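J.: Before anything else, here's the structure in question.
The values are calculated or read from the model by the stated rules, or taken from the named source; none is laboratory data. The model shown is predicted, which means the values in this text are computed figures rather than measured ones. Reconstructed Cβ throughout: ideal geometry from the backbone, glycine too, with neighbour counts over all protein chains shown. The area values use the complete protein model at the heavy-atom level, side chains included, leaving out ligands, DNA and RNA. Shrake-Rupley method; radii C 1.70, N 1.55, O 1.52, S 1.80 Å.
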Amino acid sequence: MILVLLRLSYALLLLVGISGLFTLAPPDTHLVSTVIIALVLYIPLLVMAPAVVDGNKRQCTWLCFMLLFYFCGYAVQLLDPAPVFTLAVAKTTLTVVLFVLAAMQIRQGQHAD
């Protein structure tokens, strides 16, 4: 169940993050530049896809570490005006949910002695 929720929150974070770049881009911005920015920002998160698919504990640990950087960036965006703020709330919430689910995936199967 945790792995299913982990996959869902991962997909939602990618969807909200990448689509937010295209919806908030200025009208005179070229599509190519927006795609390049999306790739630069979200390729590190896409590299962590095997952690979400397999549920490997070591890879989930690296995913948690990487999510801290995304959380910091999204927390700064919470200070921006309304359209960016609204997406920042969604992305920050999804990042926290993904972090907690990845941490639960890491802890799953370990018994307290």
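J.: Over the chain, what is the mean sequence separation of C-alpha contacts under 8 Å (at least six apart), divided by residue count, expressed as relative contact order in percent?
T.: 38 percent.
J.: Of all the C-alpha pairs in the chain, what % are more than 15 Å from each other?
T.: Of the Cα pairs, 65 percent sit more than 15 Å apart.
J.: How far is it, in nm, from the label point at Cys72 to the one at Thr86 when both lie 7 Å from their Cα along the line to the Cβ?
T.: 2.9
J.: Counting only heavy atoms of the protein chains, get the accessible area per residue of the chain (1.4 Å probe) and round it to a whole Å² value.
T.: 63
J.: Ok, one more. In the chain, if the dipole is taken from +1 on Lys/Arg beta carbons and -1 on Asp/Glu beta carbons about the Cα centre, which of Cys72, Ser9, Ala102 is farthest to the positive end?
T.: Ala102
J.: If you don't mind, another one. Where the accessible area of the chain is counted over protein heavy atoms with a 1.4 Å probe, how much of it, in %, is carbon and sulfur?
T.: Roughly 76 percent of what the probe reaches on the chain is carbon or sulfur.
J.: Any idea how far apart Gln108 and Arg58 come out in nm if each label point goes 7 Å out from Cα toward Cβ?
T.: Going by the 7 Å Cα→Cβ label model, 1.9 nm.
J.: Along Cα→Cβ, 7 Å out, is where each label goes; now give me the distance between the ones at Ile36 and Arg7 in nm to one decimal.
T.: My value for the distance between the label points is 3.5 nm.
J.: Could I ask something else about it? Quote the charge dipole size of the chain about the Cα centre in Debye, to the nearest 20; the model charges only the Cβ of Lys and Arg (+1) and of Asp and Glu (-1).
T.: Computed charge dipole of the chain: roughly 260 debye.
J.: Report the one residue of Cys60, Phe22, Leu41 whose Cα lies farthest in the direction of the positive end of the charge dipole of the chain (charges on C-beta: Lys and Arg +1, Asp and Glu -1; origin at the Cα centre).
T.: Towards the positive end, the residue furthest out is Cys60.
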